[in-house]
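Beneath this line is the structure, given in structure tokens, with notes to follow.
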Amino acid sequence: MAMTDDAARPTAPLTFPPSFLFGTATASTQVEGGDVDSDWMAFAREPGRIKGGDTPRVACDHWNRFRDDAALQKKLGYGAYRMSIEWARVEPRPGVFDTAVLDHYRAMLGALVDAGITPMVTLHHFSLPTWLTHTSGAASRAGLLADALPELLARYSAVVVRALGDLCRLWVTLNEPNVLVAQGYLMGAWPPAKKSPLDAVRAHHNLLAAHVAMYRALHAEAASVTGTLAVGIAHHLRVIVPDASTRAVDRLGATALRSVFNDAFARAVCDGTLYGPLDAFARARGRRAFDVRNAKGTQDFFGVNYYSRDRVRLSLRDADQMFLPRGVEKGAEVSDLGWEVYPDGLGTVLGEWSQRSGVPMYITENGIADASDTQRKSFLVRHLAEVARAIARGVDVRGYFHWSLMDNFEWDSGYEPRFGLVAIDYATQSRTPRPSAELYGAIARARAIDRATWAAYREPPANAKRSPT
Ligand code: FCB
């Protein structure tokens, strides 16, 4: 492949290896529907929490329509699907596991396997059973701060892999622990809606301990199932730069945000070390000592959820954003949610973390809120080109899962953002592939971005949304 330096754009055709997985991703709370006893269902019932008063109660009714959804994926040409399991469904009461639910997940995975689609399963994608967050009892109310969290998540993981491990080889323990902690314990936007740096640090460490326990439980169980499981984390990684690189305080702010929010969890799992100030803070104030060295090497692959770039300022007026408000360059291409579209960042993140982790990479999420589907084709092509370039440079990238297969419940933003390759009409539950869905299928089938596609989509469309100038 002709490629000179970083300033040069890639030249088509851009090809992918024969075993590369082209897939899509969803998460249980966002697509399944059902009156599940989870903290997110409870949160959505509280007035003012979710935009438009939306709730995940029906979502895409994927729980009942999974067969049609698998058939649609096959028809579109997608070869992999990342889905998650709802802990609150599988273990409705502490220590009680619902075999009918596990059978249902078997049917879901079976439908994928029968359609020739490789599954990747996430065990924890943001939501918790209410017996851990709301009701009193053994591990009462503490949620992510519960001392028993690692043990409970490990036990649940072992039960799930025992029941389903023959159908799935790729397992994700946790989705975006850094985002979950920031939204739930610093920004107060997600359950349990706290704003406590101390609790945030404790939740972060407890999730690290939980991941380690889950990793070990999965591998211990794997021996009796298939013996070939690969286990990783879906890390949320952004590109974080100072708003004005000339201002020392902004440079400091960007470094701090990168170290604490972006890198800390991933670094702990790669090297078994914590960012200094976070470590000191945890030691001085944390209740439970967690030996971070145990986390080293507990991932067989490195999952990257990549969306955007932030420009960071240090501003004493923005206490609600931890004094580090994030913004976007004036006139930059943005999504419906105002997130900057910055494909180069995916290449940067893949290169950096492949080196730091030493394990194969998957892009476990990457996508855009784009209701009119004006930018998604170009978004896809440019991000996939970054993946192809990384592979050509020698980075071991095994697959790409686009977020999302279909429109879904976007947490506190409700149903308004449209991330789907497939549009959902929530009134009728009808599924309509957007033009980008067909383009992605064509690239997946060809395992290449051909010259014509590259020429058409290598730049953002002229009518792309831009941030105010
Ligand atoms: C990620 C989440 C995923 C989805 C996308 C848009 O942070 O993992 O569930 O909400 O953002």
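For the stretch 71-93, the tally of residues that are without any contact (Cβ under 8 Å) to a residue 60 or more places away in the chain and assigned to a strand (DSSP E or B) stands at 2.
Would you check if residue 401 is in a loop (DSSP other than H, G, I, E, B), within 17 Å of residue 69 (Cα to Cα) and of a type in the set (Phe, Trp, Tyr)? For residue 401, the condition - in a loop (DSSP other than H, G, I, E, B), within 17 Å of residue 69 (Cα to Cα) and of a type in the set (Phe, Trp, Tyr) - is not met. For the condition within 16 Å of the ligand (Cβ to nearest atom) and either among the basic types (Lys, Arg) or touching a strand residue (DSSP E or B) at 6+ places or on another chain (Cβ under 6 Å) (or both), residue 345 qualifies. Pairing residues of the stretch 15-40 that are under 27 Å from residue 400 (Cβ atoms) and modelled with pLDDT under 95 with residues that are more than 16 Å from the ligand (Cβ to nearest atom) and not acidic (Asp, Glu), at Cβ distances under 9 Å and at least 6 apart in sequence or on separate chains, gives no pairs at all. In the stretch 414-433, of all residues being closer than 24 Å to residue 234 by Cβ and surrounded by 18 or more Cβ atoms within 10 Å (Cβ to Cβ), the one that is nearest to the chain's Cα centre (by Cα) corresponds to 419.
Can you tell me which residue in the stretch 237-259 is surrounded by the fewest Cβ atoms within 10 Å (Cβ to Cβ), limited to those that are under 18 Å from the mean Cα position of the chain (by Cα) and either touching a residue at least 60 places away in the same chain (Cβ under 8 Å) or farther than 22 Å from residue 363 by Cα (or both)? Top of the filtered list is 239.
Number of residues in the stretch 378-413 that are under 17 Å from the mean Cα position of the chain (by Cα) and of a type in the set (Gly, Ala, Ser): the value is 3.
Mind listing whichever residues of the stretch 419-469 are over 25 Å from residue 65 (Cβ atoms), touching a residue at least 12 places away in the same chain (Cβ under 8 Å) and part of a loop (DSSP other than H, G, I, E, B)? Within the stretch 419-469, 447, 450, 458, 459, 460, 461, 463, 464, 465, 467, 468, 469 meet the criteria.
Residue-wise test of (1) crowded, with 20+ Cβ neighbours inside 10 Å; (2) over 18 Å from the mean Cα position of the chain (by Cα); (3) modelled with pLDDT under 95; (4) within 23 Å of residue 44 (Cβ to Cβ).
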{"position": "125", "(1), (2), (3), (4)": "yes, no, no, yes"}
{"position": "140", "(1), (2), (3), (4)": "no, yes, yes, yes"}
{"position": "156", "(1), (2), (3), (4)": "yes, yes, no, yes"}
{"position": "167", "(1), (2), (3), (4)": "no, yes, no, no"}
{"position": "175", "(1), (2), (3), (4)": "yes, no, no, yes"}
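Please indicate, with yes or no, whether at least one residue in the stretch 285-299 is closer than 29 Å to residue 247 by Cβ and away from the ligand (no atom under 16 Å from the Cβ). Looking through the stretch 285-299, none of the residues is closer than 29 Å to residue 247 by Cβ and away from the ligand (no atom under 16 Å from the Cβ). Tallying residues that are touching an Asp or Glu at 6+ places or on another chain (Cβ under 8 Å) and more than 30 Å from residue 414 (Cβ to Cβ) within the stretch 336-374 yields 8. Taking the stretch 381-409 as the range and being within 16 Å of the ligand (Cβ to nearest atom) and not hydrophobic (A, V, I, L, M, F, W, C) as the test, the residues that pass are 383, 400, 402, 404, 407, 408. How many residues does the stretch 150-179 hold that are touching a His at 6+ places or on another chain (Cβ under 9 Å) and either within 16 Å of the ligand (Cβ to nearest atom) or not aliphatic (A, V, I, L, M) (or both)? Looking only at that region, the number is 11.
Number of residues in the stretch 340-374 that are in a loop (DSSP other than H, G, I, E, B), touching a helix residue (DSSP H, G or I) at 6+ places or on another chain (Cβ under 9 Å) and of a type outside the set (A, V, I, L, M, F, W, C) equals 7.
The values are calculated or read from the model by the stated rules, or taken from the named source; none is laboratory data. Bear in mind that the values here come from a model prediction, so they are computed numbers and not experimental data. Cβ coordinates were reconstructed from backbone atoms using ideal geometry, including for glycine residues, and neighbour counts include every protein chain displayed.
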